[in-house]
Amino acid sequence: SQTIHQWPATLVQPVGSPLSLECTVEGTSNPNLYWYRQAAGRGLQLLFYSVGIGQISSEVPQNLSASRPQDRQFILSSKKLLLSDSGFYLCAWATLNEQYFGPGTRLTVT
Amino acid sequence: SQQGEEDPQALSIQEGENATMNCSYKTSINNLQWYRQNSGRGLVHLILIRSNEREKHSGRLRVTLDTSKKSSSLLITASRAADTASYFCATGNSGGSNYKLTFGKGTLLTVNP
């Protein structure tokens with residue numbers, strides 16, 4: 001069966017520090033991968049998606065970036081965090097129609 | 001831009017009652033999906049209804065879709081305290097390798113024991 005992992009589960013970082021969140025998927029090959037951000041009490045905002053290694057599409061201009069160095073690995077990064085980057089970050093992989101979400105990373109920028 | 005909009009934003013009911021949540025969207029879709037999120041957790045897929053379907057059932061869940069009104073409803077029958085969660089609708093606009101979903105802001109359902 002397929003499993004999706006995210007780490008870390010929680011993170012507190014100062015403004016201006018770098019960020020690296022990792023997502024890995026097991027049990028499937030060549031999945032579509034997604035990064036979402038969810039602000040408190042809000043819906044999901046699609047940040048990036050990838051249909052293959054090295055292929056990244058950005059949905060919202062911001063100071064975040066994403067990379068897909070391996071088929072089942074998706075990384076979300078920032079060189080300098082802003083206060084507004086705080087939120088709940090979710091990684092997901094997709095079959096043709098449905099998406100399957102990881103447990104999320106709670107990021108607090110102080 | 002946000003495609004799906006759930007209504008109401010919050011709903012509080014007693015255990016055993018039915019819960020109905022609505023979703024409206026703006027553009028044409030291939031399918032509409034409902035997801036559930038427990039507090040502080042990832043989303044879990046509940047049910048998918050295709051644009052050529054009008055109603056679908058899964059256990060205590062019943063989903064309807066009215067493409068003429070661009071709206072959907074999720075009915076949870078005989079609710080339980082464990083159903084307490086946020087519920088999101090998501091619309092799918094294209095298939096294949098570039099598939100993306102657009103999520104609404106969600107309905108927070110509280111089921112009181």
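Miscellaneous remarks
- If you go through segment A:77-110 and keep only what is under 14 Å from A:Ala66 (Cβ atoms), assigned to a loop (DSSP other than H, G, I, E, B) and either at the interface with chain B (Cβ under 10 Å from one of its Cβ atoms) or in contact with a Gly (Cβ under 6 Å, 6 or more places away or on another chain) (or both), you end up with nothing.
- Criterion (away from chain A (no Cβ under 14 Å) and either closer than 25 Å to A:Trp93 by Cα or surrounded by fewer than 16 Cβ atoms within 10 Å (Cβ to Cβ) (or both)) met by exactly one of B:Ala90, B:Ala78: B:Ala78
- Strands (runs of 3 or more DSSP E) contained entirely in segment B:34-100, each with at least 1 residues that are touching a helix residue (DSSP H, G or I) at 6+ places or on another chain (Cβ under 7 Å) and modelled with pLDDT of 95 or more: B:71-76
- Residues of segment B:18-49 that turn out to be of a type in the set (D, E, K, R) and exposed (fewer than 14 other Cβ atoms within 10 Å of the Cβ), as a count: 1
Listed here are the residues, each with its yes/no results for (1) of a type outside the set (Asp, Glu); (2) more than 8 Å from chain A (Cβ to nearest Cβ).
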site: B:Gly42; (1), (2): yes, no
site: B:Glu55; (1), (2): no, yes
site: B:Leu65; (1), (2): yes, yes
site: B:Ser71; (1), (2): yes, yes
site: B:Ser86; (1), (2): yes, yes
site: B:Phe103; (1), (2): yes, no
site: B:Gly106; (1), (2): yes, no
site: B:Asn112; (1), (2): yes, yes
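- A:Val15 vs. criteria within 14 Å of another protein chain (Cβ to nearest Cβ) and either of a type in the set (Val, Ile, Thr) or crowded, with 18+ Cβ neighbours inside 10 Å (or both): no
- Taking the criterion of being part of a strand (DSSP E or B) and either within 13 Å of the chain's Cα centre (by Cα) or charged (D, E, K, R) (or both), the residues of segment A:62-76 that qualify are A:Leu64, A:Ser65, A:Ala66, A:Ser67, A:Arg68, A:Gln73, A:Phe74, A:Ile75, A:Leu76.
- Contact map, segment B:22-44: first residue closer than 21 Å to A:Phe88 by Cβ, second residue of a type in the set (Val, Ile, Thr) and not in a loop (DSSP other than H, G, I, E, B), Cβ cut-off under 6 Å, separation 6 or more or different chains; pairs are B:Trp34/B:Ile47; B:Arg36/B:Val44.
- Residues within segment A:59-110 that are of a type in the set (Lys, Arg) and more than 23 Å from A:Pro14 (Cβ to Cβ), tallied: 2
- Residues located in segment A:57-67, provided they are surrounded by fewer than 20 Cβ atoms within 10 Å (Cβ to Cβ) and away from every other protein chain (no Cβ under 13 Å): A:Pro61, A:Gln62, A:Asn63, A:Ser65, A:Ser67
- Criterion violated by A:Arg42 - all others in (1) more than 22 Å from B:Tyr35 (Cβ to Cβ); (2) without any contact (Cβ under 8 Å) to a residue 60 or more places away in the chain; (3) not small (Gly, Ala, Ser) satisfied: (1)
- Test result for A:Glu98, surrounded by fewer than 18 Cβ atoms within 10 Å (Cβ to Cβ) and among the charged types (D, E, K, R): no
- Tallying residues that are of a type in the set (S, T, N, Q) and touching a residue at least 24 places away in the same chain (Cβ under 8 Å) within segment B:51-109 yields 13.
- Extreme residue, surrounded by the most Cβ atoms within 10 Å (Cβ to Cβ), among residues of segment A:31-56 that are at pLDDT below 90 and more than 9 Å from chain B (Cβ to nearest Cβ): A:Ala39
The values are calculated or read from the model by the stated rules, or taken from the named source; none is laboratory data. Worth saying up front: this structure is predicted, and the values here are computed from it rather than measured. Every residue, glycine among them, receives a Cβ derived from its backbone with ideal geometry; neighbour counts consider all protein chains shown.
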